[in-house]
Amino acid sequence: MTTDHICPAGRIPSGSPAGRYLRGQGVDVSELNSYASRRGNWQVMRRGGFANPRLRNRLSEGGPGGLTADLTAPLPYPVEEVDTVADRYAAAGVPLVVLGGQEYGTGSSRDWAAKVTALLGVRAVIAESYERIHRSNLVGMGVLPLQFADGDSATSLGLDGSEVLAVEGLAGRASAPPRLTVTATHPVGGAVTTFTVTTRLDTPREQLYHRYGGVLPYVLRSTLERLAPPAPADPA
């Protein structure tokens, strides 16, 4: 899974969610240009999340990028556009998790790939391994990178992506422990799979960023704390 699968840089198809959005803003089809040229517009980039046509999402039965199953709907799960489904999860207050393979995030466009992931409501990625810079950028956007134990993968654990995932061991802690337990409950039949993951917060600074929810919340909170007036002295 490269960063170009997560956040494509190529042309914007007129019928894609990003293309329809731009056309609705009065942009002519001939001027849609590319995702790379419009990375300053978060509305465009969010609609381009995971939209590379070469991407194969198992939740959409291997269909082209930009589509995923809406697991909030009754069976059979409808397959719809990623941003539409993400909006429904956000409205329901349900955070999302991405299951990935080896060298997750390899390639260019690493910063926007992490931004798009956060904009879609993803709170954690569980992968077999990470490209170094993309993993760091995920932390900076408040997304928790977790790594399967050696020999484990979504396939070997029998995960198909429809499970409800609970990451245990973070609540009430100032810093994340080096290993966490994940419980995956399948919505049909209630089968439960439990496995251990490594927390890929590799430095004390990354632990700090995660605690605050990313770099920007950390900087904002730190600034507000510096500007806050001192507490009044105790008259006693």
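Brief remarks on what is shown
- Scan of segment 45-97 for residues that are of a type in the set (S, T, N, Q) and either within 23 Å of Thr2 (Cα to Cα) or out of contact with any helix residue (DSSP H, G or I) (no Cβ under 6 Å at 6 or more places or on another chain) (or both), ordered by number: Asn52, Asn57, Ser60, Thr68, Thr84
- Residue among Gly26, Gly19 that is over 27 Å from Glu168 (Cα atoms), part of a helix (DSSP H, G or I) and not polar (S, T, N, Q): Gly19
- Selection count where residues are part of a loop (DSSP other than H, G, I, E, B) and touching a Leu at 6+ places or on another chain (Cβ under 8 Å), scope segment 178-224: 4
- Filter result (touching a helix residue (DSSP H, G or I) at 6+ places or on another chain (Cβ under 8 Å) and among the aliphatic types (A, V, I, L, M)) within segment 125-153: Val125, Ile133, Leu138, Val139, Met141, Val143, Leu144
- Single condition Leu55 does not satisfy, out of (1) at pLDDT below 95; (2) of a type outside the set (Lys, Arg); (3) under 24 Å from Ala166 (Cα atoms): (3)
- In segment 43-68, residue surrounded by the most Cβ atoms within 10 Å (Cβ to Cβ) [restricted to those that are part of a helix (DSSP H, G or I) and either among the charged types (D, E, K, R) or touching a strand residue (DSSP E or B) at 6+ places or on another chain (Cβ under 6 Å) (or both)]: Arg47
- The set of residues in segment 128-166 being under 17 Å from Leu59 (Cβ atoms) and either under 12 Å from the mean Cα position of the chain (by Cα) or of a type in the set (Phe, Trp, Tyr) (or both) is empty.
- Sole exception among (1) outside any loop (DSSP other than H, G, I, E, B); (2) surrounded by fewer than 17 Cβ atoms within 10 Å (Cβ to Cβ) for Gly40, by number: (1)
- Residue ID - surrounded by the fewest Cβ atoms within 10 Å (Cβ to Cβ), chosen from residues in segment 172-194 that are of a type in the set (A, V, I, L, M, F, W, C) and in contact with a helix residue (DSSP H, G or I) (Cβ under 9 Å, 6 or more places away or on another chain): Ala174
- From Arg211, Arg200, residue being within 20 Å of the chain's Cα centre (by Cα) and in contact (Cβ under 8 Å) with a residue 40 or more places away in the chain: Arg200
- Filter pass, His186 being touching a residue at least 40 places away in the same chain (Cβ under 8 Å) and either within 29 Å of Glu131 (Cα to Cα) or in contact with a strand residue (DSSP E or B) (Cβ under 9 Å, 6 or more places away or on another chain) (or both): no
The values are calculated or read from the model by the stated rules, or taken from the named source; none is laboratory data. None of these values were measured; they are calculated from a predicted model. Note that each Cβ is placed from the backbone with ideal geometry, even for glycine, and that neighbours are counted across all protein chains shown.
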